[in-house]
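What follows draws every value from the coordinates through simple rules; no lab data is involved. Keep in mind that this is a model prediction, so the values were computed, not measured. Here the Cβ is made from the backbone with ideal geometry for all residues, glycine too, and neighbour counts use every protein chain on show.
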Amino acid sequence: MALRSSTRLGVAMFAPALIYIAAVVGLPLCLAFLYSVGDVRVGSVGYHFVGLDNFRSVLRSPTFRRSLANSFVFTIVTQLIVIVCANLLALALRDRFRGRGFVRFLVLLPWVAPISLGAIGWKWLLDSIYSVVNWVLVHLHLVRPFDAPMWLGEPRLAMASVILVHAWRMLPFSTVILLAGLTSIPKDIPEAAAVDGAGFWRSYFRIVLPMMTPIINVAVLFGVIFTFTDMTVVYILTRGGPYDSTQVLPSLAFFTGILGSDLSEGAAISVFLVPILAVIAILMLRVAQKAEVV
Amino acid sequence: MAVVETRKLTKVYAKAELGAVNEVDLLVREGEFLVFLGPSGSGKTTLLRMIAGLEEPTRGEVRIGGRDVTRLAPRDRGIAMVFQSYALYPHLTVRKNILFPLQAQKVPRARHAEKVEWASSLLGIGHLLERRPRELSGGERQRVALARAIVREPQVFLLDEPLSNLDAKLRASAREELSRFHKRVGTTTIYVTHDQIEAMAMGDRVVVLAQGVVRQIGTPREVYDQPADTFVATFLGSPPMNLMEAGEVIAGFRPEHLLPASLATGPAVPLRLRVATVEYLGAERIVYGVLLGGRFDGQKVVSRIPATVPAAYAADETHDFVVPEDRLEFFERASGKRTGRREFAWR
Amino acid sequence: MPAERGPRRSRLTRAGRWVVLVGFAVALAFPFLWMLVTSFKRTSDLYNTANDPFLFNEPPTLAHLKLLFGETLFLRWLANTTAVGILVVVLTLALAVPAAYALTRLTGRWGPRLGIGIFLTYLIPPTLLFIPLSRLVARLGLQDSLWSIILVYPSFTVPFSIWLLMGFFKSIPRELEEAGMVDGLTRFQAFLRLVVPISVSGILTVVIFTFTLVTQEFVYALTFISSEAHQTVGVGVPIYLVRGDVYYWGSLMAACLITSVPIAILYNVFLDRFIAGFTVGAVK
């Protein structure tokens, strides 16, 4: 009897959260699928099932294909940069030294500050006329004064800028996660490797890095999600331009669905995020499971 | 195999603080099994880690095989070490764990298989080679750690409390095994422990440390029977030595030498004792009592009486005990150091 | 543990470490330093390309700050954000604390599975939900109202908070509640009077985490709120401080810095706990 009453209490304590999540996450998720196969516009009332029409029209659009490709390119390149740098930075931050807390604070700023504000900061750094980055480049004689790069104005440079800002934003996050992994390795183990005759790099690549694999996976999976589904950086830096060269799925969904009032087509675009999210979720579960077995 | 020497080796962590290790001079003989024994915080592990090169000395020198290695990295010192946690590489199989030092030391690949075979059969772990550390029992892990240490035939073995993670029963057999292993390979070995039984049972010589200072170096018999000072006298032996203070002298005797008066042979100091409690431990009884009368009235003492003595003891009874005079030790009160026989006022 | 344990590193590795640290710290923190510099420079100094931008070529000025606080809605946005933050914190705690407790203690083997399920909902991004939600918000008559985001924000704070709190509750020994129940409390009273007070630090972590997430959110606020007066700082500063094509860089950068630094400090204090939440048990 005691058991049953405690189960009832458990249900009662869990139910509000469950109902809330069902209403504010579950319901809109279902609606997103529903919209993507219907014809819903801002202000429209009825709902007509239109099958895969929205997907067809979306797939026909070169802007969409560009956005899809961009989403992948931005995410993958960003994560490659981030994971290499994060390993390096975590390693440098591992041992205690005077001022470590302050360095960690500086390093963390991009992640903890609101991203929209960080992005507008970069917009100023990369300004077409007053860019301090260009001023430095000019004075290092890397570029000529009246031929300075238009960071946000040329398609290729704009893509590079978006990647740079994403990497800037995600690097602190990956670094602290890897740092947690690094400090969880018992000190004895790298010491044993040192006594066994391994130098710094052998000990790092043969012992430390393999032991960190699960944690690196976690950092990459979160990194992919946060980058792939983000629209803030693109929205503030370039609004997807120039000529849609930096458009990504989330920002395109926003422009189409909210600003363009075509909710259905916007929903169809954002539904393309789902397969990636599903893959990530499965991988995440696998990591969690492995961690529990060990 | 080699001689290990430390000269004035010192480690100070924070300025203005007493060092963790202070001016330690040691000479470990070739092929010797030397034990560092001390309570926690005595600096024994720090001393070992400085010899290994895992800790940088504040001052002093470490020499291995006649060579000054103070500034060398651990891998250039020709040492192998077994850690308290064993520090096995969790993602590698036992075979790869044992291979790791060979690869790191650039031993020719052709010799790898033969060496692994040799080390694993020496420790009887041939059947475990494809397992991972987490699939092994504590005793098996300890052997793998030993195999990994022995495989590249180091000049010196460093062992940091390698038995402390084993349960009591296994520890006794592992102790005996480790001694046998040392006799077989004959490598100079330094062994750190806080367990006096391990130290007495395995050490050729024992270094007793306290607060970063060497208190005594000697064979197990020497440190037990002729403790250099009151610290060693009370740290070794359980229950510890009874100490009584009179004037500038401290007299001490071990519980096993405080015996019923009926067993006295030869000259002995008589003591009257009121029993407080008795612990019956099977092979022996530990009698906790208070001295009655004379100068030491009220002083607590402990006696250890083997089961072969038939007398019975119970709380609040009063009994006559004696301590044979040749079993008394004397220390200077001011320094705590051992001295020769002294006049001692028992009354 | 003493500070410098561990194997001796060669001088090269040590120098390498400093190069890496200084390089990254400068690269990562530079935009914020630049915000600081820009906030106090005269506009004519900022816009003179002949000047060295690293120097104050003209005396520093407080004009940008005066403009920001006197003639924009910045303070209003800060107040909006704080109000939203507080209400979202309250909602989040009300939903997440009991739910996390139920999942750790009361649901047997279903607990962990539901816990992971909840965690996975954290992976569903706003950019997938904002289109249908914009319609639901309109249907409820909440468009352009702060209540829209107050209602929606817990959708991303609750799952992660449940996950964080589950970690906390797991570390409290069961015996504690059992002792309380033996002493005459009901299970729910034991939760309220024993578990909650002990978990204050965990709950505080959730409070900080929720609050920082609220200040960082951009997409929902941009979508649901259309008037300038109802904005949060995260949207108000980068969108409404820009008039057409005119960027008031001085005030803009000051606003960014003033908002970012307190959040960064708060977050930094609780960093280790957040990380424990992200590492999903991959770190012991």
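Can you sort B:44, B:183 by how many other beta carbons sit within 10 Å, fewest first?
The fewest-first ordering by Cβ neighbours comes to B:183, B:44.
Let me know the mean shielding of B:81-93 by other chains, meaning the per-residue number of their Cβ atoms within 10 Å of its Cβ. Numbers along the way, then the final one.
Details: counts 6, 2, 7, 1, 5, 3, 10, 3, 8, 7, 8, 4, 0.
Mean number of neighbouring Cβ atoms from other chains: 5.
How long is the gain from residue B:195 to residue B:17 if the chain were fully straight, where each residue apart is worth 0.36 nm and the alpha carbon distance is subtracted?
Numbers: separation 178, 0.36 × 178 = 64.08 nm, distance 2.72 nm.
Full-extension gain reported as 61.4 nm.
Defining a contact as two alpha carbons under 8 Å apart and six or more residues distant in sequence, what relative contact order in percent does chain C show?
29
Among B:11/B:115; B:8/B:337; A:187/B:11, which pairs are too far apart, with a Cα-Cα distance over 26 Å? List each step's numbers first, then the result.
Values: B:11/B:115 37 Å; B:8/B:337 21 Å; A:187/B:11 20 Å.
Pairs exceeding 26 Å: B:11/B:115.
Which order do the peptides A:85-93, A:181-189 take when ranked by the mean count of other beta-carbon atoms within 10 Å per residue, highest first?
With the highest mean Cβ count within 10 Å placed first, the list reads A:85-93, A:181-189.
For B:139-151, what's the mean count of beta carbons from other chains sitting within 10 Å of each residue's beta carbon?
Average neighbour count from other chains, rounded to a whole number: 1.
For chain B, I need the span (max minus min coordinate) of the C-alpha atoms along each principal axis, in Å, sorted largest to smallest.
Cα spread of chain B along its principal axes, largest to smallest: 77, 45, 34 Å.
Test of understanding: ordering A:169, C:109 by Cβ neighbours within 10 Å, fewest first, what list do you get?
Working: A:169 25, C:109 6.
Going from least to most buried by this count: C:109, A:169.
What fraction of the DSSP beta bridges in the protein assembly as shown is antiparallel, stated in percent and rounded to the nearest 5?
The antiparallel proportion sits near 75 percent.
Most exposed first by the Cβ proxy, i.e. fewest other Cβ within 10 Å, how do B:77, B:171, A:60 rank?
Listing B:77, B:171, A:60 from fewest to most nearby Cβ atoms yields A:60, B:171, B:77.
Looking at chain B, send over the antiparallel percent of its DSSP beta bridges, to the nearest 5.
If I count the DSSP bridges inside chain B, around 75 percent turn out antiparallel.
Summing -39500 (n - 2.57) over the DSSP H runs of n ≥ 4 in chain A and dividing by its residue number, what mean residue ellipticity at 222 nm do you reach, to the nearest 500 deg cm²/dmol?
-22500 deg cm²/dmol
Could you list, bin by bin from short to long, the percent of Cα-Cα pairs of the range C:1-146 in 10 Å steps?
Taking every Cα pair in the range C:1-146, the percentages come to 8, 15, 19, 21, 24, 11, 2, 0.
Over the whole of C:44-55, what's the average partner chain Cβ count within 10 Å per residue? Rounded to a whole number, please.
Details: counts 0, 0, 3, 2, 1, 7, 0, 2, 2, 6, 4, 0.
For peptide C:44-55, the averaged partner shielding equals 2.
Based on alpha-carbon centroids, what's the gap between the range B:9-61 and the range C:207-265 in Å, whole number please?
With the range B:9-61 and the range C:207-265 each reduced to a Cα centre, they are spaced 58 Å.
Nothing charged except the Cβ atoms of Lys and Arg (+1) and of Asp and Glu (-1): what's the magnitude of the dipole of the range A:58-293 about its Cα centre? Round to the nearest 20 debye.
In total the dipole reaches around 340 debye.
If you stretched the chain out fully between residue B:184 and residue B:8, how much longer would it get, using 0.36 nm times the residue separation minus the C-alpha to C-alpha distance?
That works out to 60.1 nm of additional length.
I'd like the distance separating the alpha-carbon centroids of the range A:203-222 and the range B:208-246, in whole Å.
So the separation of the two Cα centres works out to 49 Å.
Just want to confirm a number: the relative contact order over chain B, from Cα pairs under 8 angstrom separated by 6+ residues, in percent.
Relative contact order comes out at 17 percent.
Report the relative contact order of the range B:274-315, percent, no decimals, based on alpha-carbon pairs under 8 angstrom and at least 6 residues apart.
Numbers: 72 pairs, mean separation 17.2, N = 42.
With pairs under 8 Å counted, the relative contact order is 41 percent.
Cα to Cα, under 17 Å, and not fewer than 8 places away if on the same chain: which aspartates and glutamates meet these conditions relative to residue B:106?
Leaving aside aspartates and glutamates fewer than 8 places away in the same chain, those within reach of residue B:106 are A:196, B:76, B:114, B:153.
If the reach is capped at under 19 angstrom between alpha carbons, list the lysines near residue A:290, excluding any in the same chain fewer than eight residues apart.
Leaving aside lysines fewer than 8 places away in the same chain, those within reach of residue A:290 are C:284.
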